[in-house]
Amino acid sequence: MTLWYLNRATGVVSLVLFTAVVLLGVAVHLRTRLPGLPRFGTVTLHRSVSLIAVVFLGLHIVTAVADSYVSISVADVVVPFAGSYEPLWLGLGTVAFDLLLAVVATSLLRARLGHGTWRAVHWLAYASWPLAVVHGLGIGTDLASGWLLWLGIGCVVAVAAALAARMTLAPRRRRPADLLENTRPSSRPIGV
């Protein structure tokens, strides 16, 4: 039963941490300087909280697989909707995890990939986060007590407000497809 409690706790902490990661990512994009931090502090904090969030997510996944209370296999962690336990809710978490893996992998390889490719793939974080929220609310056993629902609503409201600020305050940027277009070799001869 200890693993079950640990799995729930690490899932909730992961939700809060990844919400903070999204909020900090928006702050980085808007070039927001957080009080008490130097200019580069927001980027550093975003990276540090991201790393901690990935560690808690790893603990969440390991405890889910190790716990014998429900049957979740290692394959269920990476293959969406294949599990026998709550296939929809678990599958949404798996898709969120797979998208996050792409974001993490490209972040680790950012120097080799180039900024445009990294940024285009980094947009997957905006798909991963809501899937993870729906996964947590759908599979979470504490939803009936109300506190998990209110925590989820609070996270959604915070991210929605940050995204609204991002859309209204940020200068118009190129679409992810435009970013990938700039990474392809040009067919025009040099100097033309």
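The values are calculated or read from the model by the stated rules, or taken from the named source; none is laboratory data. Just so it is clear, the structure is predicted and the values come from calculations on it, not from any experiment. No Cβ is skipped: glycine too gets one built from the backbone with ideal geometry, and neighbour counts run over all protein chains shown. Heavy atoms of the whole protein, side chains included, go into the accessibility calculation; ligands, DNA and RNA do not. Shrake-Rupley method; radii C 1.70, N 1.55, O 1.52, S 1.80 Å.
Listed values, structure above:
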read-out: Per residue accessible area of the chain, 1.4 Å probe, in Å²; value: 60
read-out: Simple spin-label estimate for Ser107 and Thr141 in nanometres, 7 Å along Cα-Cβ; value: 3.0
read-out: Distant alpha-carbon pairs in segment 1-121 (separation over 22 angstrom), percent; value: 43
read-out: In Å, descending, principal axis extents of the Cα set of segment 38-82; value: 47, 19, 10
read-out: Taking N as its residue count, the alpha carbon Rg of segment 67-121 over 2.2 N^0.38 Å; value: 1.45
read-out: Alpha carbon convex hull of segment 59-163, volume per residue in cubic angstrom; value: 112
read-out: Descending principal axes extents, segment 99-152, alpha-carbon based, whole Å; value: 47, 13, 13
read-out: Helix-only mean residue ellipticity at 222 nm for the chain, each DSSP H run of n ≥ 4 adding -39500 (n - 2.57), per residue, nearest 500; value: -23500 deg cm²/dmol
